[in-house]
Amino acid sequence: MKIKTFASAVALATASTIVAGAAEARDQIQIVGSSTVFPFATAVAEQFGQKTTYKTPVVESTGSGGGIKLFCEGVGEGTPDITNASRRMKKSELETCQANGVTPIEVTVGFDGIVLADAKSGADLDVSREQIFLALAKEVPVDGKLVANPYQNWSDIDASLPTEKIEVLGPPPTSGTRDAFEELVMEYGCEQVPGGADAGLEGNKCTAIREDGAYIEAGENDNLIVQKLEANPKAFGIFGFSFLDQNADKIKGAKINGISPTFEAIADGEYPVSRSLFFYVKKEHVGVIPGIEEYVAEFTDEGTWGDEGYLTDKGLIPLPEDKREEVGETARNLTPLSL
């Protein structure tokens with residue numbers, strides 16, 4: 001079943017309807033959501049399919065925002081059972097879910113870093129969040145006034161940066177990576193700009209990204225960004241650490257405030273741009289669509305998401321052991337999300 005099938009399905013079916021038709025219920029778990037969580041969910045789905053008698057779940061990359069929208073549309077076979085997210089569900093999204101009869105169960109799966117990366121043959125970059133903001137903001141303060149971003153090269157911002165055109169491939173607004181980048185990089189960097197507040201640089205102006213070609217929306221396919229960086233060594237890309245980790249033979253990560261994006265630096269909080277990753281389970285589908293509880297059990301098994309689990313080979317930074325125990329118990333008990 002494709003994404004457009006979910007979107008066009010009669011998504012507001014009630015829980016009683018799906019239970020009544022349980023004998024004819026869909027027999028394959030449907031998962032949508034974050035492109036960052038996608039490779040982790042795919043690895044778990046493949047293991048789940050091999051270890052159990054259930055069909056391998058279908059995992060689709062729709063972006064965090066797009067996945068949550070589909071997930072929250074309602075209850076029924078035409079709606080996803082699980083959505084992955086590289087940011088936490090917003091209160092407004094939870095309210096939409098609840099209004100449509102959907103009870104989300106939140107599972108925090110680990111940590112990830114957001115990286116700025118380029119081809120191995122490209123320039124080495126050591127940059128601050130303030131400098132990234134100045135490179136990508138739609139408006140910046142100049143002589144006490146907000147003006148359209150005038151910076152064309154990285155060296156226009158600081159002479160220590162490469163004399164290369166600012167060209168950054170990044171995620172669209174539907175992406176959780178975009179949301180996290182705006183919060184952890186753009187908002188933080190905005191606050192550090194001298195004279196920014198006096199010039200009226202605040203609120204939405206801090207997260208507004210330039211539209212003059214310096215920032216290029218590259219869709220939800222992070223592998224495609226990697227390919228484009230190989231083809232254009234002067235460009236940089238924004239994506240999760242896991243994609244850098246899996247493509248370390250092709251690309252390298254920029255340092256942020258002198259700190260390289262490494263597994264260890266993200267795990268101990270030294271790398272400044274990191275975030276939690278999640279997936280959400282539709283409680284109303286548990287016990288109706290076969291295998292959901294077993295899929296959750298596979299994902300939260302120590303051999304999967306633990307310190308030596310197979311997801312660490314994919315670039316996932318595990319939660320601390322006590323946090324894994326807490327999250328695992330919440331998932332097994334099907335505890336509804338509360339914000």
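The values are calculated or read from the model by the stated rules, or taken from the named source; none is laboratory data. None of the values given here were measured: they were computed from a predicted structure. All Cβ positions, glycine included, derive from the backbone under ideal geometry; neighbour counts span all protein chains shown. Accessible surface is based on the protein model in full, side chains and every heavy atom, while ligands, DNA and RNA are left aside. Shrake-Rupley method; radii C 1.70, N 1.55, O 1.52, S 1.80 Å.
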Worksheet entry | Cα extents of segment 214-339 along the three principal axes, largest first (Å) | 51, 30, 29
Fill in: Surface accessible to a 1.4 Å probe, Val142 within the full protein complex, Å²
50
Worksheet item: So how tilted is helix 222-231 from the main axis of the chain? Cα-based, degrees 0 to 90, rounded to 10.
Response: 30
Worksheet item: Quick one: net charge of Gly110's neighbours, Cβ under 11 Å, K/R +1, D/E -1?
Response: +2
Worksheet item: What shape does segment 82-155 have by the C-alpha gyration tensor, where a ≥ b ≥ c are the square roots of the eigenvalues, rounded means a/c under 1.5, and otherwise prolate means a/b greater than b/c and oblate the rest?
Response: oblate
Item to complete: Quick one: grab the alpha carbon gyration tensor of segment 285-334, order the square roots of its eigenvalues as a ≥ b ≥ c, and give me rounded if a/c is under 1.5, else prolate or oblate depending on whether a/b is larger than b/c.
Response: oblate
Item to complete: Skip the ligands, DNA and RNA, and give the accessible area per residue of the chain with a 1.4 Å probe, whole Å².
Response: 43
Worksheet item: DSSP beta bridges in the chain, what fraction antiparallel, as a percent rounded to 5?
Response: 70
Fill in: Helix axis angle, 321-332 relative to the chain longest principal axis, alpha carbon, degrees
40
Worksheet item: Each residue of segment 262-277 in turn: what ³J(HN,Hα) in whole Hz from Karplus with 6.51, -1.76, 1.60 and θ = phi - 60°, glycine and Pro shown as x?
Response: 10, 3, 5, 5, 6, 4, 9, x, 6, 6, x, 10, 9, 8, 8, 10
Practice prompt. Quick one: which residues, 5+ away or cross-chain, put their amide H under 5 Å from the amide H of Leu125? H built at 1.01 Å from N.
Written response: Lys255
Worksheet item: In deg cm²/dmol, rounded to 500, what helix-only [θ] at 222 nm does the chain give when every DSSP H run of at least 4 residues adds -39500 (n - 2.57) and the total is split over its residues?
Response: -8500 deg cm²/dmol
Worksheet item: Given the pairs Lys91/Lys165; Lys120/Lys145; Lys165/Lys255; Lys90/Lys228; Lys51/Lys255, which are separated by over 30 angstrom at their Cα positions?
Response: Lys91/Lys165; Lys120/Lys145; Lys90/Lys228; Lys51/Lys255
Worksheet item: Hey, any idea what % of segment 159-200's accessible area is carbon plus sulfur with a 1.4 Å probe?
Response: 46
Item to complete: Using only the Cα atoms, work out Rg/Rh for segment 28-73, with Rh taken as the Kirkwood radius, to two decimals.
Response: 1.02
Worksheet item: So, in Å, what gap is there between the alpha-carbon centers of segment 94-156 and segment 211-234?
Response: 14
Fill in: Computed over the chain, the ratio Rg/Rh where both radii use C-alpha atoms and Rh is Kirkwood
1.00
Practice prompt. Calculate, axis by axis, the spread of Cα positions in segment 196-281 along the three principal axes, and write the results as whole Å, longest axis first.
Written response: 44, 38, 33
Worksheet entry | Value of relative contact order over the chain, rounded to a whole percent, pairs C-alpha under 8 Å and six or more apart | 26
Discussion item. Below 8 Å, C-alpha to C-alpha, sequence gap of six or more: please give me the relative contact order for segment 215-301 in percent.
Written reply: 14
Practice prompt. Find the centroid of the Cα atoms in segment 273-339 and in segment 40-85, then give the distance between the two in whole Å.
Written response: 13
Item to complete: Please determine, in degrees from 0 to 90 and to the nearest 10, the orientation of helix 38-51 with respect to the longest principal axis defined by the Cα atoms of the chain, where the helix direction is its Cα long axis.
Response: 30
